[in-house]
Ligand code: ATP
C-alpha cells in the first residue's frame, strides 16, 4: 500500500511526534505542536545542521535574532506585494506601532551583518547562520507540516567578494559528486531529471562555483542522514520564476507521497539585500578589502534556505517502513536523528531492579526509555515504531555474566555486551562511527 500524507499525520499524532494545534478547541489550521518524540527528532535535526554547517566550519558563525524587528527591515518586501500579507502585531500600548512577525529568518542576518563581521573578525568569504521561526499569513495550509503558517527555518547567507564568486577553495571536494538535476532546459522540454556531476553544473554555467558547492553540501547532508539518492534532486528555477534579486536559484526537492516538492531553496542573491539596507538605513555595510584596499558590498553567492519542518517530514517519511513480517511499523531513522536512542527492558518483572540500575547509568549519556510493560516482543515493536535504534535487555544471565543483550532495530540481530562496555559500544553505534556488524564480529 502506498503511504499517504494522511497516514503520516495519523502516525505522528498516535505516536506523539506531532499534534494538530489546540485540538481541544477544534484545532487551528496551519499550526502544529510537536509532541515528546517530535521535539527530540526536530532538535536532533537542528543540531545536525548546526554542527555540520556552523560549528564544524571555520567560515560560518551563527546568530539568534528577534522574531519581531524594526518595521523598516521589511520595507524592501513592499516590492513583492508580501508586505501586506505578513502577520501583524502591535508593539507597546494600543495605537502604537504596528510591527510584523518575520516571514523568513534571513533579513536579520543582513541587518546584523556588519556587527557580526566586525565582532567575529570574519574576512570574506564567510557566512552567517540562523535557526528560528518564520510566519507566513498568505499561504493556504496543506499537506500536514509541508505548508504551515508557522514554521522553522535554518538559513545561511554566504558572503563573498563580488569578483570571487567562482573562487571556491573547497570545490575539488565536491566536483565529482553525482546529483540528480532537473535543469530549466529539461523542464521546458518536458524531460525528467538526469544525473550530473557538480563540475558539469558549473561548466554549464547554471550555478557559480560557490553556489554549486553549497548545493552539494546540503545534498550530501540529506544523503548522509538517510535519504535515498532516488528520492532527492536539484531543480533549477526557470528564468520567469526567479525573484528579481536572484541571478540563479535551485531547490532541493524530495519525492514526497504527493510528488516532488521543495525542501530547500538556494539562491544566488548577488548584492541585493545589503544594497537595499544601505539605501533604507543610510548606513554603510561595505567591507574593506585589505588586499586591494577597496570597499566593496559583499555578494551573497549562496543563500541556503532550509525548512526544518520539511526536513523533519522528509526524514520521517524516508524512515517509515511498514514491516509485514514483524507486523509493525519500523522507523529506520538514522541513530543521530532518532528521538530516543536506547530502550532498556527487563526480561521479566523480577529483573526490574537490575534493569533500572542499567537504565539509570545509561540515561546520563543517552536519551533512553525504560519499558517494563507487555511481552518483550510487544516492547520491541513499540521501540521500532518510535525509531529507537538499540534496545538493551536484561535477563537472568545478566546477574551472572554482567552482560546484556543489545538488539539492532534495523536487522533485529542481537549481541551480548558486557555492562561495563555498554556506554562505549553504544556511543560508537549511535554516532555511526561503528556499524552493528562490526560489533557482532568483535564479540564472536
Ligand atoms: P514554496 O514554493 O513551497 O511555497 P518558498 O519558495 O516560498 O516555498 P522559501 O521562501 O524559499 O520557500 O523558503 C525556504 C524554505 O522554507 C523552503 O524550502 C521550505 O523548506 C521552508 N518553507 C517555506 N514556506 C513554508 C511553509 N509555509 N511551511 C513550511 N515550510 C516552509
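No value in this document is a laboratory result; all are computed from the given coordinates. Quick caveat: nothing in here was measured; it's all calculated off a predicted structure. Backbone-built Cβ (ideal geometry, glycine too); neighbour counts: all protein chains shown.
Odds and ends about this structure:
- The sum of -39500 (n - 2.57) across all DSSP H runs of n ≥ 4, divided by the residue count of the chain, sets its helix-only mean residue ellipticity at 222 nm to -9000 deg cm²/dmol.
- Taking the C-alpha atoms of the chain, convex hull volume expressed per residue in Å³: 190
- The relative contact order of the chain comes to 12 percent, based on Cα pairs under 8 Å that sit 6 or more residues apart.
- Sorting 341, 14 by the number of Cβ atoms found within 10 Å of their own Cβ, with the fewest placed first, yields 14, 341.
- Counting neighbouring beta carbons within 10 Å and listing from fewest to most, the residues 109, 206 come out as 206, 109.
- GNM on the chain, alpha-carbon springs under 10 angstrom: the most fluctuating residue among 301, 106, 381 is 381.
- Debye-sum result for segment 279-375 in log10 I(q)/I(0), which assumes one identical scatterer on each alpha carbon, at q = 0.15, 0.16, 0.17 Å⁻¹: -0.84, -0.90, -0.97
- Rounded to 10°, Cα long-axis angle of helix 376-386 versus longest principal axis of the chain: 0
- Antiparallel DSSP beta bridges within segment 306-444, percent to nearest 5: 60
- Every Cα-Cα pair in segment 14-142 was counted, and those over 21 Å apart are 57% of them.
- Spin-label model, residue 194 to residue 242: label points 7 Å out along the Cα-to-beta-carbon direction sit 2.2 nm apart.
- Relative contact order [Cα under 8 Å, 6+ residues apart], segment 97-176, whole percent: 31
- Packing rank of 213-219, 20-26, 434-440, where each peptide gets the mean count of other beta carbons within 10 Å, highest leading: 213-219, 434-440, 20-26
- Where both bridge residues fall in the chain, DSSP classifies roughly 80% of the beta bridges as antiparallel.
- Amide N of segment 360-383 lying under 18 Å from the label point, which is placed 7 angstrom from the Cα of residue 14 along Cα→Cβ: 378-383
- Contact order normalised by residue count of segment 25-123, Cα under 8 Å, 6+ apart, percent: 21
- The angle separating the long axis of helix 209-224 from the principal Cα axis of greatest extent in the chain is about 20 degrees.
- Take each peptide in 389-400, 349-360, count the other Cβ atoms within 10 Å of every residue, and average; sorted highest first, the result is 389-400, 349-360.
- Residues 201, 308 arranged by fewest to most Cβ contacts within 10 Å: 308, 201
- Seen against the Cα atoms of the chain and their longest principal axis, helix 106-119 is set at about 90 degrees.
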